[in-house]
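Below you'll find the structure, written out as structure tokens, and then a few comments.
Throughout, read-outs are computed from the coordinates displayed, never taken from laboratory work. This is a predicted model, so every value here is computed, not measured. Neighbour counts run over all protein chains shown; Cβ positions are idealised from the backbone, glycine included.
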Amino acid sequence: MNKNELIADVAAKTGMSRQQAAEAVDSVLRSIASGLANGEEVKLPGFGNFSVRERAARSGRNPATGEQIQIPAQKSPKFSPSKTLKMAINGDPTTDP
């Protein structure tokens, strides 16, 4: 499912117009990104947790030349699915994601 399909699904399930659904989806995604950018953990019970992971600087190799390069430290988003989401993905009929 891509973003346009998600927007269409939200519009169909909520009775919103496609434009309203697009604004809602964009707003949720911006809120998650903003929270992560501020160093916050975003918790969505029944779905999962978004957090920021620190990746240390390390050395690597350029695959084209084989030359050794230094990869700088960086922050990376991390998602941990909830138990409910995992159960829904694995076909547990008692869950509703």
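Worth pointing out:
- Residues located in the stretch 22-68, provided they are loosely packed, with under 10 Cβ neighbours inside 10 Å and of a type in the set (A, V, I, L, M): ALA56, ALA57, ALA64
- Residues located in the stretch 38-97, provided they are out of contact with any Ser or Thr (no Cβ under 9 Å at 6 or more places or on another chain), small (Gly, Ala, Ser) and part of a strand (DSSP E or B): SER59, GLY60, SER76
- Output for the stretch 1-51, where each listed residue is over 30 Å from ASP92 (Cβ atoms) and among the hydrophobic types (A, V, I, L, M, F, W, C): ALA22, ALA33, ALA37
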